[in-house]
Structure formats: C-alpha cells, structure tokens
Amino acid sequence: MSKDWALLRLGDFLSELPKSTLPASCSEANGAYSFYCSSSEPKAADTWLQELPAILMGTGGVASVHLGKGRYAYSTDTWAIRIKESSKLTQPYAYRVLELSLPKIDYAGFEGSGLRHLRKSYIKDFRFLAPSDSAPQKRIVSILDGIDTAIEKTEALIAKYQQIKAGLMRDLFTRGVLPNGQLRPSREQAPELYQETAIGWIPREWVVSTLRACLLGNPTNGIYKSADQIGAEGTLMVGQTAFTAERSVDFSLCRRGVVSPTEIRHYGLAEGDVLMTRVFATIEGVGLPTLVPHIPEPAVYESNMMRLQVNLRSVIPRLLFEWLRSPAARAHISSRVNASNQCSVNQSAINSLPVPIPDPDEQNWINSRIEAADKRIDTEVTILGKLKKQKVGLMHDLLTRKVPVKVEEPEVVDG
C-alpha cells in the first residue's frame, strides 16, 4: 500500500452521541430543524437535540447515512456518531466513505428476518482506505461537496418549475387557452366568458363530460400471475414499482411473466393509455394516474391497477391524465375510496368523475402549453440524473485511490 494512504478501522475513531427519545412520528412537514430518521431523505421537526456536527445512520430497514450540521434532531431509530479529532481522519471524509459504502452496509451490515436492524459492531469494525494526511481528505470532501451543491441547486430548480406547472395547470383547466396561446382573461376581468358548472367556473365554450364518456370502454382491472409464473423472462408486466416520480413508466423496472397471446390481446398496453392505481395502502395512493409512454415491446399491466383506454375523439390523453391529477379529480376519487384493510377504488366510483372538455383545437393549444412546461422540467431532470451518476463515479474514483488528488501547496514568500 502507498505510504500516502492508510487502512483505517472506523471504531478506532468513533464516539457516540446520546440516544434520541424522539420517535420518527415527531416529524413536521414545515419544521424549522432537520430531522434524521431511518430514511434516505431528511425530514423536519419543530425541536432540535444537537448542534455538534455528527454522522447519523439509520438503524432500521435500509442503510442510510447523513451528515448533521447546525441544529438538528434525530429519531430513536438513528445512531448518532462523531469522529474524534485526529490528524488521521476527518469526520466529513468518514461520512463520504460510509455514503459510498451504503450498498455494502445494506447487504452485510444488517440482520433480522422481519424489520432489519443495523449491526453497530459491523460499522465499528468497518475498514477503509484514507489519505494519511488530512489535506487530501479535505480536498476530496470539497470536490464532493461541490457536486452535492450542484445537485441541490438542480433539485431546487426542478421543484420551482413543478410549482410553476402546478399553477399553470390550475389556470389551464379554469381559463383555457386562446388561439394566440395566451390564457383567457380571468373571470373577474371578463365574467361573460365563463359558466358555472358542477366542477366550478369554466369557459363558456367547454362542456362537462364524464370519465366513462372519454373512454373506449369501462376501466379494466389488470392481470394476476402467481409467483411461479414470474421471472427474468417472458412478457413485460407493468406494476406500480415501475412508475416514476413524474407518473410515467420505467420499463427497466418491470417484472416479466408467462403471458399467453390471448392475455396480451386482453391486457395489452398502448402508448397513451392511462393506468390508475386500484389498490394501495393509503387513500392518498389510490386512483393516481400514470400516462403510458412509448412501449419498447408488448406489455401487460398488473392486477392492482386499472387501464383507461382513452377515446381520442373525445380528449387528448395528456389532458385527461393531467385532469386526473388535479385537486378536483383527486377529491372526487378520494371521497369514493373503500378504506378497509387496503384502500381500493372500483370502476363505478371513477366512471362518474366529471371531466371538462374544450373543443379539439383548444385541447391542442392547452397540450402545447403543458408540453412546454414538461420539457423544461424534463431538461433539468436529465441534468440531475447526469450529476448523480457523475457523483457516484467521483466518489468511487476519489475514495479508492483510482484518481490521485492534488493538493495545492501554499506559496512560500521570500523574506
């Protein structure tokens, strides 16, 4: 091993902070302080427990690690540790090593058949390479902090564009779009342009239809396959685990199963279909739509959802999809959810959903505005994905000596 690097044991530098008394349920959406639980994403709380910087590791479920700074809190299922001051190891560097090693820790550092628990002895005995001097450690951390900052800025930009789109959607479904691409004057400015309906005030030219009238047939439940019929080969089976945050489908996350030609004809998907969650653990997760994109090969959909085949003579699929995401549609569906052991919704509950229908030309104008908003978000999402991949590569290269780190020497000033 190079004299510039050393093999270290984490437990030789580790000290523990007091165990928390706060359960994970103490999180508050708008809390003033970061709140760390056994989760990959920090939450928020109204109280704080510590202001000493510390490494926070989730002890239940899935491996997670955070670096607490400023005033923060952590839950009972979080292990708070600090790195003792030493010239051999800095705390931020130790955090980065653990962050890089999360897959390994998740595989080998947890035990239990039900809710898995972190083996603290595994972390204490964890061995890793580190530069022998703190200067290159700090340089590595600085580089990774820089890409984290870029990621955070991109995530903030995506959140901003999503908020802008949410406001735009409210306007599009209440004011519509004129031939010049602009929104109609508001109802306050031009009340004669609007009519009052069961779903509120909408442009006078629009009609209110029902979801069933916008479809080629009744919503259809998906296909069920037993475990012995599912594997690495066969026909693509779209399940809820393949849904993206943007409510599209990532076909690389689909399972495959033994599906007959007859079943493919009956349960087959096409671009522009809308899949709606039929069964979910919570009311909030029931009735959520997903718009099916271009499909690379024949695919069917699983039994915990319904397929809506959109009648293109009535409405553009994208418009119907966006309407199903609207607060008005969500309220209608949520009020009709059957909440028992699992929350569910059936065909009759959604068939009566009111749907505002502009004329075909205006639908196209509205769709163009939506596509422009989506394109701006998609661009940043693509950038974010590249940054995250770049970070993974940098962490591996910098923390495993694959790429040497140069530390600038201080200038010597002649007396």
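The values are calculated or read from the model by the stated rules, or taken from the named source; none is laboratory data. These numbers come from a predicted model, not from an experiment. With ideal geometry, Cβ positions are generated from the backbone for all residues, glycine too; neighbour counts draw on all protein chains shown.
Those strands (runs of 3 or more DSSP E) of segment 1-40 in which at least 1 residues are over 16 Å from LEU129 (Cβ atoms) and modelled with pLDDT of 95 or more, considering only elements entirely within it, cover 14-16, 33-36.
One line per residue, one yes/no per condition, for (1) under 21 Å from TYR93 (Cβ atoms); (2) surrounded by fewer than 14 Cβ atoms within 10 Å (Cβ to Cβ); (3) not polar (S, T, N, Q):
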position	(1), (2), (3)
LEU17	yes, no, yes
SER20	no, no, no
ASN30	no, yes, no
CYS37	no, no, yes
TRP48	no, no, yes
ALA54	yes, no, yes
MET57	yes, no, yes
LEU67	yes, no, yes
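Of everything listed in (1) under 25 Å from the mean Cα position of the chain (by Cα); (2) within 21 Å of ALA32 (Cα to Cα), the single unmet condition for THR59 is (2). Close Cβ contacts (under 6 Å, 6 or more residues apart or on different chains) running from residues in segment 382-393 that are at pLDDT 95 or above to residues that are in a helix (DSSP H, G or I) and not polar (S, T, N, Q) comprise LEU387/ALA150; LEU387/ILE151; LYS391/ILE147. Of all residues in segment 224-238, those satisfying the criterion of being under 26 Å from the mean Cα position of the chain (by Cα) and surrounded by 18 or more Cβ atoms within 10 Å (Cβ to Cβ) are LEU236, MET237, VAL238. Within the bounds of segment 367-375, is there any residue that is free of Cβ contacts under 8 Å to residues at least 24 places away in the same chain, not assigned by TED's automatic domain parsing to the domain that holds LEU269 and not basic (Lys, Arg)? There is at least one residue in segment 367-375 that is free of Cβ contacts under 8 Å to residues at least 24 places away in the same chain, not assigned by TED's automatic domain parsing to the domain that holds LEU269 and not basic (Lys, Arg).
Take SER340 and decide whether it is under 30 Å from ARG170 (Cβ atoms) and polar (S, T, N, Q).
On the way: under 30 Å from ARG170 (Cβ atoms): no; polar (S, T, N, Q): yes.
No: the conditions fail for SER340.
Sort out for me the strands (runs of 3 or more DSSP E) sitting completely within segment 228-341 that have 1 or more residues that are among the polar types (S, T, N, Q).
Numbers: elements: 235-238, 255-257, 274-277, 289-291, 299-301, 305-308.
Output list reads 235-238, 274-277, 289-291.
Here LYS389 clears all of (1) surrounded by fewer than 19 Cβ atoms within 10 Å (Cβ to Cβ); (2) outside the structural domain of ASP171 (by TED's automatic domain parsing); (3) over 30 Å from VAL259 (Cα atoms) except the condition numbered (2). In segment 28-51, the residues that are without any contact (Cβ under 8 Å) to a residue 40 or more places away in the chain and closer than 20 Å to PRO18 by Cα reach residues that are part of a loop (DSSP other than H, G, I, E, B) and charged (D, E, K, R) with C-beta atoms within less than 7 angstrom, at least six apart or across chains, in these pairs: ALA44/GLU28; ALA45/GLU28; ASP46/GLU28; TRP48/ARG71; GLU51/ARG71. Being hydroxyl-bearing (Ser, Thr, Tyr), surrounded by fewer than 21 Cβ atoms within 10 Å (Cβ to Cβ) and modelled with pLDDT of 95 or more is true for just one of SER344, SER314. Which residue is that? None of the other options fit; the residue is SER314.
Return the total of residues in segment 41-51 being under 25 Å from SER101 (Cα atoms) and outside any strand (DSSP E or B). Show your work before the answer.
Initial filter on segment 41-51 (under 25 Å from SER101 (Cα atoms)): 41-43.
Adding the requirement that they be outside any strand (DSSP E or B) leaves 41-42.
Matching residues across segment 41-51 total 2.
Screening VAL141, VAL208 for residues that are surrounded by fewer than 17 Cβ atoms within 10 Å (Cβ to Cβ), touching a Pro at 6+ places or on another chain (Cβ under 8 Å) and on the phi < 0 side of the Ramachandran plot leaves exactly one candidate, VAL208. Report, by residue number, each residue of segment 87-123 that is in a helix (DSSP H, G or I) and surrounded by fewer than 14 Cβ atoms within 10 Å (Cβ to Cβ). If the condition is that a residue be in a helix (DSSP H, G or I) and surrounded by fewer than 14 Cβ atoms within 10 Å (Cβ to Cβ), then PRO103, LYS104, TYR107, ALA108, SER121 are the ones that fit.
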